[in-house]
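Here the structure comes first, spelled out in structure tokens, and everything after it is commentary.
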Amino acid sequence: MGGHRNPRPRGAREPLGLRRERHCQDEEDHRSTRPIRPAGVAKQKPPFNGSASQHCSLIQGGSGLSTCAEECTLKVERRTLPGETPERVLEELEEVIRSTGEQAHVRVLLDRPPLSCDANAKIVASLREAVISVTAEAPEIAGVGYWMDAALFAAAGIPTANYGPSGAGTHEAVEWVALDSVVTCAQVLVKTASSFCGRQQF
């Protein structure tokens, strides 16, 4: 989503809300002075999905250090929950801006559907059995707070669950996986597909 504000940009890092931040000489000393919670937030969260989140990804504006910026362009990533629509999120952001007395043009740059998986679905049962068969341990069923392209498969009606190798640094400059877990993951996926499709293991 993109928007323009004049003249003071505001940051957003708390789930489902915007907060006004004051820049201090010490970069670690940022204090929220006015937390804002958009209207219409769902009271019931889908299982495993956690809370929706929002953060300011890119901020652009100004022409020089000694000149007050005429406008500011703020690009926000808003991660939605099942049941939320881009139109409703747009309305919430516009309401937040109005509540501060500011004006801005807000538009959606890109939207993708969220993913919610039934823990009792056949694909989950097949995956769980495969993990136990390969690793001799039962997997933890949990959700994550970031988007994956698996949501596109689910939106097309394809039974979907996520499983991957172990590692760290997701969406960071240095992202890695343990090589041994890549091999294990491949074995689990083969067994899962065979079980789900009713094929004999090979």
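The values are calculated or read from the model by the stated rules, or taken from the named source; none is laboratory data. Computed from a predicted structure; not experimentally measured. No Cβ is skipped: glycine too gets one built from the backbone with ideal geometry, and neighbour counts run over all protein chains shown.
Brief remarks on what is shown
- Test set (1) modelled with pLDDT of 90 or more; (2) surrounded by 13 or more Cβ atoms within 10 Å (Cβ to Cβ); (3) hydroxyl-bearing (Ser, Thr, Tyr) - Ser166 fails condition number: (2)
- Filter result for the condition that a residue is touching a residue at least 12 places away in the same chain (Cβ under 8 Å) and surrounded by 12 or more Cβ atoms within 10 Å (Cβ to Cβ), over Ala142, Ala150: Ala150
- For the range 173-188, the criterion of being modelled with pLDDT under 90, of a type in the set (Val, Ile, Thr) and more than 19 Å from Lys122 (Cβ to Cβ) is met by none of the residues.
- Residue selected from the range 51-92 under the condition more than 23 Å from Leu115 (Cα to Cα) and polar (S, T, N, Q), by the criterion surrounded by the most Cβ atoms within 10 Å (Cβ to Cβ): Thr73
- Residue within the range 17-26 that is touching a helix residue (DSSP H, G or I) at 6+ places or on another chain (Cβ under 8 Å), at pLDDT below 70, part of a strand (DSSP E or B) and under 19 Å from Ser99 (Cβ atoms) present: yes
- Test for Gly143: is it out of contact with any His (no Cβ under 9 Å at 6 or more places or on another chain) and at positive phi: no
- Members of the range 81-113 that are touching a residue at least 60 places away in the same chain (Cβ under 8 Å) and either in contact with an Asp or Glu (Cβ under 7 Å, 6 or more places away or on another chain) or on the phi > 0 side of the Ramachandran plot (or both): Val106
- Helices (runs of 4 or more DSSP H) contained in the range 96-202 and holding at least 1 residues more than 30 Å from Gly83 (Cβ to Cβ): 122-135, 179-196
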